[in-house]
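Written below as structure tokens is the structure these notes are about.
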Amino acid sequence: MKIKAYAKINILLDIVGIKENGYHLLEMIMQSIDLYDVIDINKIEKGIKIKCNKSYIPVNNKNIAYKAAELFMKTYGINEGVSINIYKNIPTSAGLGGGSADGAAVLKAMRKIFNVDISNKELEELGVKIGADVPFCVSGGTALCEGIGEIITPMSKFQNKILVVVKPKFGVSTKWVYSEYDNLNSVKKPETEKILNAVKNDDLKLVSSKMANVLEEVTINKYGIIDGIKKDMLKFGALGAMMSGSGPSVFAFFEDSLSAQRCFEKMKENYPETFITRTI
């Protein structure tokens, strides 16, 4: 069976504490976008076989899709195996949750293929064992995510908002960004309530002006090009532009498809991994 694995952006990303084990406690508004990988998954006699259309993606137990399949089989006593073909469209090491989306898609597909009667909530609890963004990617949409990402409160849908996503020609280590964040002396904190209300009220202009990501300070400090991308997108008509996750991808909202198309064409000249898409 084929299943789409949707990317995500962070409309809000704030760090509100650190657990004893070193994990950061987060407050995020996560949003699915219509940019996706396609996972083609089928039963085989035994084992886990992975193929991918991108040669740089691991096809062994380092791949989150492999980890998802292995965890599902162990948890629910599945004796058969699966073949997983991954058609990557979401950029990697980009702050767009591509790996997490693939893992979540595999969990959902295996639930169906092997007729295991479990809820999305149970899949989310399983998913957090392989990645903090996996629980959100199970259900997607628009949600407030807390804890390390596993405490999910669905929000009113912030859908059909046009955006352009730009991924520079390099990746960023999430682990490095969070460790560097801990060394910052001070961080400008987001106006969380205003952002939450703006999303609830479907107010695109207010969301665009108030959205915030505390990790920008770390990633932009090392990669100034991210700030340049943000400024260019604003120059080309964006209502607001921000880095997603730990970066380096930048997304920007637009009032209409014409202005988004203009920005897309301009940014694509310098950044091959530029996408025009929408919230879903």
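Take every pair of alpha-carbon atoms less than 8 Å apart whose residues are at least six positions apart; their mean separation over the length of the chain yields a relative contact order of 22 percent. Going toward the positive end of the dipole of the chain, with +1 on Lys and Arg Cβ and -1 on Asp and Glu Cβ, which of 38, 275, 53 do you reach last? The residue sitting farthest along the positive end of the dipole is 53.
Computed about its Cα centre, the charge dipole of the range 2-154 is approximately 700 debye, with only Lys, Arg, Asp and Glu carrying charge at their Cβ. From the Cα gyration tensor of the range 2-154, with a ≥ b ≥ c the square roots of its eigenvalues, which class applies: rounded if a/c is under 1.5, or else prolate if a/b is larger than b/c, or else oblate? Cα axes put the range 2-154 in the prolate bin. Checking every one of the chymotrypsin sites (Phe, Trp or Tyr not before Pro) in the range 1-106 against DSSP loop status and a limit of 11 other Cβ atoms within 10 Å picks out 56. Using a cutoff of 8 angstrom between alpha carbon atoms and counting only pairs six or more residues apart, the relative contact order for the range 2-154 works out to 29 percent.
In the chain, the longest principal axis of the Cα atoms and the axis of helix 257-268 are about 80 degrees apart. Using only side-chain charges placed at the Cβ, +1 for Lys and Arg and -1 for Asp and Glu, the dipole size of the range 162-278 relative to its Cα centre rounds to 120 debye. Note on the chain: GNM, Cα springs under 10 Å; of 203, 14, 102, the largest mean-square fluctuation is that of 203. With respect to the chain, whose longest principal axis is taken over its alpha-carbon atoms, helix 98-113 is tilted by about 40°. Structure remark: mean-square fluctuation, Gaussian network model of the chain, C-alpha springs under 10 Å; the largest value among 12, 35, 123 belongs to 123.
A convex hull fitted to the Cα coordinates of the chain yields 123 cubic angstrom per residue. Summing Cβ point charges (Lys, Arg +1; Asp, Glu -1) relative to the Cα centre of the range 1-92 gives a dipole of roughly 400 debye. Please give the length that would be gained between residue 60 and residue 21 if that part of the chain were fully extended, namely 0.36 nm times their separation in residues minus their C-alpha to C-alpha distance (nm, one decimal). Stretched out fully, the residue 60 to residue 21 stretch lengthens by 11.3 nm. Can you bin the range 102-144 into rounded, prolate or oblate? Criterion: square roots of the alpha carbon gyration tensor eigenvalues sorted a ≥ b ≥ c, rounded for a/c under 1.5, prolate for a/b above b/c, oblate for the rest. Prolate is the answer for the range 102-144, as a/c is 1.5 or above and a/b outweighs b/c.
Does anyone have the angle between helix 225-235 and the longest principal axis of the chain? Alpha-carbon axes, 0 to 90°, nearest 10? Roughly 60 degrees, rounded to the nearest 10.
Shape verdict for the range 162-278, please, from the Cα gyration tensor: rounded (a/c under 1.5), prolate (a/b greater than b/c) or oblate. Oblate. Note on the chain: GNM, Cα springs under 10 Å; of 171, 47, 95, the largest mean-square fluctuation is that of 47.
Laboratory data are not the source of any read-out in this text; all were calculated from the coordinates shown. Computed from a prediction, not measured in an experiment: that's the story for all the values here. Positions of Cβ are generated from backbone atoms using ideal geometry, with glycine treated the same way; all protein chains shown enter the neighbour counts.
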